[in-house]
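Quick notes on the structure that follows.
The values are calculated or read from the model by the stated rules, or taken from the named source; none is laboratory data. Quick caveat: nothing in here was measured; it's all calculated off a predicted structure. As a convention, Cβ positions derive from the backbone with ideal geometry for all residues, glycine included, and neighbour counts pool all protein chains shown.
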Amino acid sequence: MKQIYLFANWKMYLDFDESNILANALAGEAEKFPTNVKMTVFPSALSLYSAGQVLRDAGIGVGAQNVYWVDKGGYTGEVSAQMFQAAGCEYALVGHSERRHQFGESNHEVRQKLEAILAAGLTPVLCVGETAKEREEGKTEEVLEIQLRAALQNLAWPKEDERPLFIAYEPVWAIGTGNACDDTEACAVAHNFIDKLAVELLPAAAVIILYGGSVRPENIAGYLKCENVSGVLVGGASAKLETWLDIAKNAVLPLPAPPLIKGREK
Ligand code: PGA
C-alpha cells in the first residue's frame with residue numbers, strides 16, 4: 001500500500017495552551033490512523049517541547065518550522081537545528097514560502113539551513129514554489145529549478161544515510177488562500193519536473209514529494225492519486241481537529257505503492 005505522509009504545519013496559529021490541547025486530542029485519535037499513514041506535526045518553537053512529548057508518545061512525528069544554521073552563539077531570537085534535534089524533533093521545514101517571502105529568506109540561506117538540518121540529524125522538508133506572477137509569466141519551472149539547484153546541487157549526502165529528502169511543492173499563490181492548485185497541474189509539476197530534477201541533482205537520496213497549498217478534506221484524494229505525490233503539507237486545515245481528522249480519513253486510498261524516486265532507477 002502507498003505510504004502516505006500527512007504533515008501538519010501549525011505555523012503561528014496556536015498558542016502554548018491551544019497547542020497542548022490539540023496535541024492531546026490528536027494523540028487520543030492516533031490509534032485510529034491507518035498504518036500506512038505517517039503523521040508529523042510542526043508546532044511553534046514555543047510549544048514544541050510540551051506538545052512534542054505528547055505527540056511522540058502517540059507515535060506522531062514532530063518537526064521544527066524553521067531553524068538557524070549555527071549551532072550556538074549570539075543570535076538573538078534564533079533556535080538552531082541542533083537544539084531542535086536535542087528537544088526531540090525528527091524533521092525540519094526549510095524554505096517555506098512564508099520564510100522566503102515574508103522574511104526575505106534567500107536561496108543561499110535556505111541552503112545553509114538545509115545543510116545544518118542534515119548535520120543535526122534531522123530529516124529535511126524542503127519547500128519550493130512559484131508566485132502567481134511567476135506562474136502567469138510561464139516561469140514556474142524556471143523558478144523551481146533555481147530553488148532546487150540552490151538547495152541541492154553538490155549537497156553532500158552520505159551514501160549510507162537512510163533519511164529521505166522530502167520536497168514539498170507549494171505554489172505560493174495556493175498557500176492560505178483557499179485557491180488550491182488543481183491536482184492535475186500539481187501532479188504534472190511534481191511528476192514531470194521536481195522528481196526528475198531532484199534525482200539528477202541528488203542521486204544518493206530517496207526523494208519523497210508532497211503537495212501543499214490549501215489542502216482540505218475535499219481535495220486531498222486528488223493529490224494522493226498522483227504517482228509521485230506521497231503526501232501533503234497542510235497549514236490552516238491542520239490546526240483544527242475536525243478538519244485535520246477528516247483529511248486523515250480521506251487520505252486513505254487503496255493505491256499501489258509508487259516507484260520511489262530514488263535516482264537509482266534511472
Ligand atoms: P495552507 O498552508 O494549507 O494553509 O494553505 C500550507 C503551508 O503553508 O504549508
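Structural remarks
- Residues located in region 116-154, provided they are over 25 Å from residue 180 (Cβ atoms) and either of a type in the set (Phe, Trp, Tyr) or surrounded by 17 or more Cβ atoms within 10 Å (Cβ to Cβ) (or both): 116, 117, 118, 120, 122, 123, 150, 152
- Among the conditions (1) surrounded by fewer than 17 Cβ atoms within 10 Å (Cβ to Cβ); (2) in contact with a strand residue (DSSP E or B) (Cβ under 7 Å, 6 or more places away or on another chain), residue 13 misses just one, which is (2).
- Cβ pairs under 6 Å, 6+ apart, first in region 87-113 and touching a residue at least 60 places away in the same chain (Cβ under 8 Å), second part of a helix (DSSP H, G or I) and within 16 Å of the ligand (Cβ to nearest atom): 97/172
- Within region 218-255, considering residues that are within 15 Å of the ligand (Cβ to nearest atom) and part of a loop (DSSP other than H, G, I, E, B), the one surrounded by the fewest Cβ atoms within 10 Å (Cβ to Cβ): 218
- Any hit, region 78-98, residues being of a type in the set (S, T, N, Q), within 16 Å of the ligand (Cβ to nearest atom) and at pLDDT 95 or above: yes
- Some residue of region 17-36 being within 16 Å of the ligand (Cβ to nearest atom), within 22 Å of residue 215 (Cα to Cα), surrounded by 14 or more Cβ atoms within 10 Å (Cβ to Cβ) and of a type in the set (Ser, Thr, Tyr): no
- Per-region count, region 164-217, residues among the hydrophobic types (A, V, I, L, M, F, W, C), assigned to a loop (DSSP other than H, G, I, E, B) and more than 16 Å from the ligand (Cβ to nearest atom): 4
- Residue check for residue 151: more than 15 Å from the ligand (Cβ to nearest atom), at pLDDT 95 or above and over 30 Å from residue 28 (Cβ atoms): yes
- Looking at 70, 94, 54, just one residue is surrounded by fewer than 17 Cβ atoms within 10 Å (Cβ to Cβ) and either of a type outside the set (Lys, Arg) or closer than 23 Å to residue 170 by Cα (or both), and that residue is 70.
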